[in-house]
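The values are calculated or read from the model by the stated rules, or taken from the named source; none is laboratory data. Here the structure is a predicted model, which means the values were calculated and not measured. Using ideal geometry, Cβ is built from the backbone for each residue, glycine included, and neighbour counts are taken over all protein chains shown.
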């Protein structure tokens, strides 16, 4: 409205200038009215004019003043910027040293080293359970004197139950995966719901050894071979996980140069079952026999179950660091499920239902701060894998401001963000010295069904004060896919402009 008013006043003055003699005092006023108003987020505004859709805002956290804004209240697809809401909500519910357990329980008589009944692997939503933790559980079990489980190995996913798949990537992974980020969710999942595939070169011309990390033998079939070639040869090996009516298997091929071992991660189609198969193999290799099958159940264990071993996962602070710094989707969505379970009398049946806890948190902080519209943002996952998620720059700067003012939680929250000079991704490690050292942020990117590039975090001012900022670029109807480098260049240029002023 201000820009429109200035333009109208300037036009009116120009129309009257032929009949009015201007005084010396009136000339500067006329010139100031004739100049175009300063455009906030100029580079992003230019990108918007090219067909992108943009929301951006920068807020001085010392004064509360909005320094620059561009469609700040418009909600767009944020991709992994959603993880900022997960981190803030988690720290609001739990202390930074909160951990999640995974336990081994016995069901049935235990005598002379034998349990005549089932061994239960009970998950409690620890997203950081890894293959080394399975060995710790197995060693503890062996320490109790157990040598034989005369029954099944039961993987118990209560309280979450079967979660199914709600995103295209995770649904596709039920049949096949050649990557790690799309593993389906489960209350019990090793290595973020992935098969950690260990590839060890042998002699030149001989097949490499392909197994799973931490075990001498893979618990599922491996189809194909990877040939060992000379150390100067180009690596061409590949590995994928496929699921057929007979179960999961690994398919491999290509060449690997002679040298060190390489590990790759491939999503499991059923992380609970895959973790059970890994656990049984670890038990076998440590000398404990399981005579029965590996089964997955979703109901609480029997009341007569007794504890035999337990593993504490990483602390919440460590989980948030992995989630924010490396954008770990599995940690984000498992924390979202755990948050909903902790805040309700009944665990959520689906991730989309659990994500309402994130929307509710954003409404609470915006209502308390009286910052913009406090309608719930549509969120369906904590990872941001769901393109239906929507957040505005205003939502994000309100969240960042609330964390900054929360002296109890801010150290753990801020500690998970990335300083560009030390970022794990090359596209952040370019720019001015101020960008590289005075900014701490989270990124969010996506390609389908439209492009997404977002950044949000904190700027340290020259005087030591703080600014919260957020900028999201989505592909629009006129430009469905905005190249990542273009969106990042524009966002970085505008952040550099703010850095220069403050």
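Within the stretch 364-376, residues that are assigned by TED's automatic domain parsing to the domain that holds residue 88 sit with their Cβ atoms under 7 Å from residues that are assigned to a loop (DSSP other than H, G, I, E, B), at 6+ positions apart or across chains, in these pairs: 366/372; 366/374; 367/374; 372/73; 373/73. Of the set (1) surrounded by fewer than 16 Cβ atoms within 10 Å (Cβ to Cβ); (2) closer than 30 Å to residue 143 by Cα; (3) out of contact with any helix residue (DSSP H, G or I) (no Cβ under 8 Å at 6 or more places or on another chain), all apply to residue 247 but (2).
Can you pull out the residues in the stretch 405-416 that are part of a helix (DSSP H, G or I), under 21 Å from the mean Cα position of the chain (by Cα) and surrounded by fewer than 21 Cβ atoms within 10 Å (Cβ to Cβ)? 410, 411, 414, 415 - these are the residues of the stretch 405-416 that are part of a helix (DSSP H, G or I), under 21 Å from the mean Cα position of the chain (by Cα) and surrounded by fewer than 21 Cβ atoms within 10 Å (Cβ to Cβ). Of the residues making up the stretch 79-103, just one is assigned to a strand (DSSP E or B) and buried (at least 24 other Cβ atoms within 10 Å of the Cβ), namely 102. Checking each residue in the stretch 459-474 for being touching a strand residue (DSSP E or B) at 6+ places or on another chain (Cβ under 7 Å) and either free of Cβ contacts under 8 Å to residues at least 12 places away in the same chain or surrounded by 19 or more Cβ atoms within 10 Å (Cβ to Cβ) (or both) picks out 459, 467, 468, 469, 470, 471, 472, 473, 474. Restricting attention to the stretch 369-392, the residues that are under 15 Å from residue 77 (Cα atoms) and in a loop (DSSP other than H, G, I, E, B) total 15. Within the stretch 309-325, does at least one residue satisfy the condition of being over 23 Å from the mean Cα position of the chain (by Cα), closer than 26 Å to residue 104 by Cβ, at pLDDT 95 or above and surrounded by 18 or more Cβ atoms within 10 Å (Cβ to Cβ)? Within the stretch 309-325 (the criterion being over 23 Å from the mean Cα position of the chain (by Cα), closer than 26 Å to residue 104 by Cβ, at pLDDT 95 or above and surrounded by 18 or more Cβ atoms within 10 Å (Cβ to Cβ)), the answer is yes, since at least one residue qualifies.
Among the residues here, residue 311 qualifies as over 14 Å from residue 85 (Cβ atoms) and in contact with a strand residue (DSSP E or B) (Cβ under 6 Å, 6 or more places away or on another chain). Within the stretch 104-140, can you find the residues that are free of Cβ contacts under 8 Å to residues at least 60 places away in the same chain, assigned to a strand (DSSP E or B) and more than 14 Å from residue 306 (Cβ to Cβ)? If the condition is that a residue be free of Cβ contacts under 8 Å to residues at least 60 places away in the same chain, assigned to a strand (DSSP E or B) and more than 14 Å from residue 306 (Cβ to Cβ), then 114 is the only one that fits.
How many residues does the stretch 155-170 contain that are within 30 Å of residue 104 (Cα to Cα) and either over 17 Å from the mean Cα position of the chain (by Cα) or in a helix (DSSP H, G or I) (or both)? Residues meeting the conditions: 11. If the condition is being surrounded by fewer than 21 Cβ atoms within 10 Å (Cβ to Cβ) and either closer than 23 Å to residue 354 by Cβ or touching a strand residue (DSSP E or B) at 6+ places or on another chain (Cβ under 7 Å) (or both), then the stretch 110-119 contributes 113, 114, 117. Picking from residues in the stretch 219-235 that are modelled with pLDDT of 95 or more and assigned to a loop (DSSP other than H, G, I, E, B), the one that is surrounded by the fewest Cβ atoms within 10 Å (Cβ to Cβ) is 221. The criterion of being surrounded by fewer than 17 Cβ atoms within 10 Å (Cβ to Cβ) and either at pLDDT 95 or above or not in a helix (DSSP H, G or I) (or both) holds for residue 299.
All of (1) within 17 Å of residue 76 (Cβ to Cβ); (2) outside any loop (DSSP other than H, G, I, E, B) hold for residue 402 with one exception: (1).
I'd like to check something: does the stretch 142-149 contain any residue that is surrounded by fewer than 16 Cβ atoms within 10 Å (Cβ to Cβ), touching a residue at least 60 places away in the same chain (Cβ under 8 Å), in the same structural domain as residue 263 (by TED's automatic domain parsing) and on the phi > 0 side of the Ramachandran plot? Scanning the stretch 142-149 turns up no residue that is surrounded by fewer than 16 Cβ atoms within 10 Å (Cβ to Cβ), touching a residue at least 60 places away in the same chain (Cβ under 8 Å), in the same structural domain as residue 263 (by TED's automatic domain parsing) and on the phi > 0 side of the Ramachandran plot.
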